[in-house]
Every structure is written in structure tokens, then in C-alpha cells.
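Step one of this worksheet: look at the structure below.
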Amino acid sequence: QVQLVESGGGLVQPGGSLRLSCAASGITFSRYILGWYRQSPGKQRELVATITRFYGTNYADSVQGRFTISRDNAKNTVYLQMNTLKPEDTAVYYCNAALLGPDYWGQGAQVTVSS
């Protein structure tokens, strides 16, 4: 059974930092493209960042230079370091694992940026 479990969400003030983690099980983790997506109330889910099996990365324009995605294949974990957070970063953040066939999703982690 495939499981993706996010952790590290919470409440942070504008300008602050958080690090999200997503631990995977049930897949050959090192082969997968991993990603972080987010969804705010009333909006569609959007791509935040992805990282390939060869450690190539891609970011949404809105987070470029502030967020960093990384992976640790030994720990079957993908991370999202979020710096200089803004109120508009408030959302539920989901991790994603994709290869051939269906994607896998975590349950989501709430990130709230507010003073």
C-alpha cells in the first residue's frame, strides 16, 4: 500500500520560514518525480515545485527564489523549504509522487501565513 505523509505545516508570520516533509512508503522512491502542490480556498490546486530522479528542479514563478525542494532517497522523503513566506502562500500543501501510471498524493498539510 502506497502512503505519502506530510508534516511540518503550521502558522507562521509573514517573512518567516517553514519546512515541509513528506515521507513515502510502498513505492520505489528513487525512481519517482516528486512534487509539491498547494490549494487555497476557492482556487484550483497549483504546482509549487518538482524534483526529478536526477535532482532536476522546477518552480512556480510565485515561489522561485523563496522555496527549495529537495529529496533524500535514503529516507524516502521529499522536503519543501519555504522562506520569506507571504500571506498569499497560505494553502493546504500536498506532496505528489509520479511515474508511469497513476499519481500518488498525500493527505495535505495546512500552512497559514498571518500576523
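Each value in this text was obtained by applying a stated rule to the coordinates, not by laboratory testing. This is a predicted model, so every value here is computed, not measured. Note that we place each Cβ from the backbone using ideal geometry, even for glycine, and neighbour counts take in every protein chain shown.
Tabulated results
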quantity	calculated
Net lengthening on full extension, Gln39/Ser17 (0.36 nm per residue, minus Cα-Cα)	6.0 nm
Relative contact order of the chain, pairs being alpha-carbon contacts under 8 Å that are 6 or more residues apart, as %	37 percent
Alpha-carbon Debye profile of the chain, log10 I(q)/I(0) at 0.13, 0.23 Å⁻¹	-0.44, -1.34
Debye, to nearest 20: dipole size of the chain, +1 on Lys, Arg Cβ, -1 on Asp, Glu Cβ	160 debye
Long-range HN-HN contacts of Thr90 with modeled amide H, under 5 Å	Val113
Net lengthening on full extension, Asn58/Val5 (0.36 nm per residue, minus Cα-Cα)	16.9 nm
Residue-span extension gain [Ser25 to Leu47] - 0.36 nm each, minus C-alpha spacing	5.7 nm
Those chymotrypsin sites (Phe, Trp or Tyr not before Pro) in the stretch 20-103 that DSSP places in a loop and that have at most 13 other beta carbons within 10 Å	Phe54, Tyr55
